[in-house]
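Take a look at the structure below.
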Protein chains: 2
Amino acid sequence: MTTTSSIPGYTYGTETVAHSPISMEEFELLKQTVLFTEEDEKALHMAGEVLQDQLEEILDLWYSFVGSHPHLVQYFSTPDKQQIEEYLAAVRQRFRQWILDTCNRPYDQTWLDYQQEIGLRHTYAKKNQTDRVSSIPHIGMRYMIAFIYPITATIKSFLARKGHSAEEVEKMHQAWFKAVVLQDTLWCYPYAKEGYF
Amino acid sequence: MTTTSSIPGYTYGTETVAHSPISMEEFELLKQTVLFTEEDEKALHMAGEVLQDQLEEILDLWYSFVGSHPHLVQYFSTPDKQQIEEYLAAVRQRFRQWILDTCNRPYDQTWLDYQQEIGLRHTYAKKNQTDRVSSIPHIGMRYMIAFIYPITATIKSFLARKGHSAEEVEKMHQAWFKAVVLQDTLWCYPYAKEGYF
């Protein structure tokens, strides 16, 4: 079992994390827009139990998807297209923890702040800095939004593997979908023109 | 049957439409990112047949969702919160056509250009102009992205109403989900900082 303090660059809840420009009141309205309720929180906790011993397989799938698309793997590569293995490995540890955080963390101010930090780490502002690598300096917002599809669609089969009813699987999957859309929305804040978010 | 030329402000394929800043090559990469294939095109055509006589019911559902949330219906209201009925009605006709276009139009240059036009019409650049109304001048990008959830989740029951197998319904629904994410991504171009999309 990895403790979060051993994950490189994982600064959840620390003082170095950005502050969210979104208030809790604004976040409440976002939650209403994706129909996110306490039922979804419960379903996410259940999903966390279901997924916790499948994390490597999920990451294998996502990494093979990224790795098989040059327009995606470039973001983990040097400008002359050499994959940076230690970067891929470090991000993988945080990505693993992200699955657990999505399912288990309370969506409070600390969580909200970390979404801003995650967003910034995909842009010119902070990409590459955490891992001190020389990769492409920015991930286009188009792929941030487009990733909602693969990250949502691929999780369902993993949710179905532990003997839950079709109804329970669907509940977990819908909660995951909402959680991904919520987070993705927050991650896009640093991409928007002033006053456009 | 409404002809598209009678839909107020619906300028698909006309010279007044914006040009997409995204090339067809870039669009191809986006399609790959959401795993969009010819199978999805076929599934969308099938969805078009399934949905075409349910459009009013779908719009009733979406409008009641928007109407029951002050933070959403404000975008169809005057700054002092009076709903603008003719604006709601005009948008409703375009929204109805949007469902059909999502299912039936080829995703070619004309379609790509219209996505840019749709995006602009949600921002300071063009909101309210088409319908010559005095509403709030801009819809925050947060709601553009967050709407992926309700627009995707609510369509499934309509897809299931015409006696198709669970597998066919799922195919149509996944194709719809991909199409919504693709379009939503394109609509967000005008929101992004220069070079951030």
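The values are calculated or read from the model by the stated rules, or taken from the named source; none is laboratory data. What you see is a predicted model, and the numbers here were worked out from it, not measured in a lab. Positions of Cβ are backbone-derived with ideal geometry, glycine not excepted, and every protein chain shown enters the neighbour counts. The protein model used for the area step is the full one, side chains on, heavy atoms only, and it has no ligands, DNA or RNA in it. Shrake-Rupley method; radii C 1.70, N 1.55, O 1.52, S 1.80 Å.
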Between B:Asp53 and B:Thr3, Cβ-based FRET efficiency (R0 22 Å, step 0.05) works out to 0.80
Taking Cα atoms of the protein assembly as shown, Rg/Rh with Kirkwood Rh, to two decimals? 0.95
Pairwise label distance in nanometres, A:Gln83 with A:Lys156, each label 7 Å out on the Cα-Cβ vector: 2.8
Could you pull the Rg and Dmax for chain B, using just the Cα atoms, both in Å? 16.5, 48
Other copies of A:Ala166: label-to-label distances in nm, shortest first, labels 7 Å along the beta-carbon direction: 0.2
Chains B and A together, accessible area buried on both sides, 1.4 angstrom probe, square angstrom: 3800
What's the extension gain from A:His69 to A:Thr110 if we count 0.36 nm per residue and subtract their Cα-Cα distance? 11.4 nm
If I model a spin label as a point 7 Å beyond the Cα along the Cα-Cβ vector, how far apart are those points for B:Ser23 and A:His19 in nm? 4.3
What does the charge count around A:Lys127 come to, taking other residues whose C-beta lies under 14 Å from its C-beta (Lys +1, Arg +1, Asp -1, Glu -1)? +2
Taking the label point as lying 7 angstrom from Cα along the Cα-to-Cβ axis, what are the distances from B:His19 to the corresponding position in the remaining copies, in ascending order and in nanometres? 4.4
Give me, ordered by chain and number, the residues 5 or more places off A:Ser77 or on other chains with an amide H under 5 Å from its own placed amide H. A:Ile84, A:Ile136
The range A:164-197 residues near the modelled A:Lys42 label - backbone nitrogen below 19 Å, point 7 Å along Cα→Cβ: A:164-179
Length-normalised contact order for the range B:1-150 - Cα pairs under 8 Å, 6+ apart - percent: 36
Could you tell me what percent of the accessible area of the range A:1-87 is made up of carbon and sulfur, with a 1.4 Å probe and every protein chain present? 54
Could you give, in nm with one decimal, how far B:Ile7 is from each other copy of that position, shortest first, with labels 7 Å out from Cα toward Cβ? 4.4
